[in-house]
């Protein structure tokens, strides 16, 4: 169930929001909800990626396990060759 939440907007921001709402034939509330949803998706994805990076770093610190530059380059070269074959 949706709950109302008040926010304070600068006058210029409110005018921009009103203009865009009119252009899109949408309510200001709809645009705000969409903007908040998009922001949360982006920030949640960033936090998950940051957590994965921290786990990978800790794994490296604990084990020293890594992929050498040469091995990674060879892997990319194989992927590029596979993509080129698939595009023909």
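Each value in this text was obtained by applying a stated rule to the coordinates, not by laboratory testing. Given the structure is predicted, the values throughout are model-derived calculations rather than measurements. Backbone-built Cβ (ideal geometry, glycine too); neighbour counts: all protein chains shown.
Tabulated values for the structure
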quantity: Angle in degrees between helix 11-24 and the longest Cα principal axis of the chain, rounded to the nearest 10; calculated: 80
quantity: Efficiency of FRET between residue 36 and residue 84 - r from beta-carbon atoms, R0 41 angstrom, step 0.05; calculated: 0.45
quantity: FRET efficiency, residue 68 to residue 16 (Cβ-Cβ, R0 41 Å, nearest 0.05); calculated: 0.20
quantity: Structure-derived Kirkwood radius over Cα pairs in Å: which label, when the choices are [x] 18.2; [y] 19.9; [z] 15.0; calculated: [x]
quantity: Tilt relative to the chain, helix 28-63 - C-alpha long axis, 0 to 90 degrees, to 10; calculated: 20
quantity: Sites residue 46 and residue 76 - FRET efficiency at Förster radius 41 Å, r taken between beta-carbons, to 0.05; calculated: 0.95
quantity: In degrees, nearest ten, helix 69-87 long axis to first principal axis of the chain (Cα); calculated: 70
